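Quick notes on the structure that follows.
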Amino acid sequence: MEDADRSRPYAPWLWSLLALFALRVLGQVLVAFAGVRFLPPTEQWMSGLLPYRWLLPSQLLILVLLGKVAADFSRGRGLFVAPRRSFARVAPGLGWLYLGSMVVRYVASMSIHPERRWFGQTIPIAFHCVLATFVILFGRYHREAFAPGGRAPLRVRKVARAAGGLLLLVTLLLGVAGCTAARRRHRAAMLNAPCTVSSELLGSWRGQPWTQLDPGSFHYRFECNSRYVLSAQPPKGAR
C-alpha cells in the first residue's frame, strides 16, 4: 500500500489534536498578555515546571513540529511519512509512557492536594494527554508500515480506533471540566476575598479645607484583591 493511502486517514486526527493544543497555547497567551477574564487565571494553566518566558517558546516550537508532521500526513509524503523502523520502535511506547505518566500525575495531584479535586489545575494534564495521543497515532502509523500486509489485523485496528476515540473524548472532557472548575474557583476566591474601602479626593481639590469641598469631588473606592474596583460619588448635597 502506498504511503499516501495509509497516511491520509490519520491526517484529520492529527490536525484536530494540533488545533486543540493551539487553542491551549492561545488561551494562556490571552490570559497572560491581554488579561481576559472569561478564561481561568494564569496559575491554572501552569504546571510550575517552567516559567512562562520559557514555556511559551517551547510551546510554539511544538506547534511548528506538529504542524510539519500533520502537513506531511496530509500530503502523503515527507520526512515524517516515510516508514522508519526507529519511529515504529520508539514512538508508540513513548506515547503510552507519556500518557501513563499523566494518569499518575493526575492521581498524585488529587491525592496530595485534596482541594483540587477533581478538576483543579488539570488544564496542563489534559493537554499533555493531547500531545501523548498525537505521539501514539504517529507511532501506530509507522508500526503498521512494518506489520504483515502493511496493516495491523482488523480486530487490532478496531480496538485501537475505539481506544483512541475514547481517549480523545476523555481528554476533551477533562480539559473543559478543568477550565470550568478553575473559573468557578477563581470567582469564589474573589467573592470571598477581603475587601477594602477607602475615600479619595479628586486631584483638583486635594489640600483644600473640608468646608470648601464640592461634594461631587469626593468619592469612595471599593477594592478587592486590587483587581475589581468600584468608585462611587455621594449624591449632591451630601457631606
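The values are calculated or read from the model by the stated rules, or taken from the named source; none is laboratory data. Since the structure is predicted, the reported quantities are computational estimates derived from the model, not experimental observations. No Cβ is skipped: glycine too gets one built from the backbone with ideal geometry, and neighbour counts run over all protein chains shown.
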From the list 24, 37, which one is over 27 Å from residue 73 (Cα atoms) and basic (Lys, Arg)?
-> 37
Qualifying position, being under 19 Å from the mean Cα position of the chain (by Cα), surrounded by 15 or more Cβ atoms within 10 Å (Cβ to Cβ) and without any contact (Cβ under 8 Å) to a residue 12 or more places away in the chain, among 99, 55 | 55
In this structure, does residue 89 turn out to be more than 18 Å from the chain's Cα centre (by Cα) and touching a residue at least 60 places away in the same chain (Cβ under 8 Å)?
-> no
Conditions (1) part of a loop (DSSP other than H, G, I, E, B); (2) out of contact with any Asp or Glu (no Cβ under 9 Å at 6 or more places or on another chain); (3) free of Cβ contacts under 8 Å to residues at least 24 places away in the same chain -> residue 79 fails only (2)
May I ask you to verify whether residue 49 is closer than 24 Å to residue 116 by Cα, within 12 Å of the chain's Cα centre (by Cα) and either part of a loop (DSSP other than H, G, I, E, B) or not hydroxyl-bearing (Ser, Thr, Tyr) (or both)?
-> no
Residue hits (the range 102-121; in a helix (DSSP H, G or I) and either modelled with pLDDT of 95 or more or not hydroxyl-bearing (Ser, Thr, Tyr) (or both)) are 102, 103, 104, 105, 107, 108, 110, 112, 114, 115, 116
Check on residue 124, surrounded by 14 or more Cβ atoms within 10 Å (Cβ to Cβ), at pLDDT 85 or above and over 28 Å from the mean Cα position of the chain (by Cα) | no
Which of the following residues is touching a His at 6+ places or on another chain (Cβ under 7 Å) and over 25 Å from residue 109 (Cβ atoms): 83, 57?
-> 83
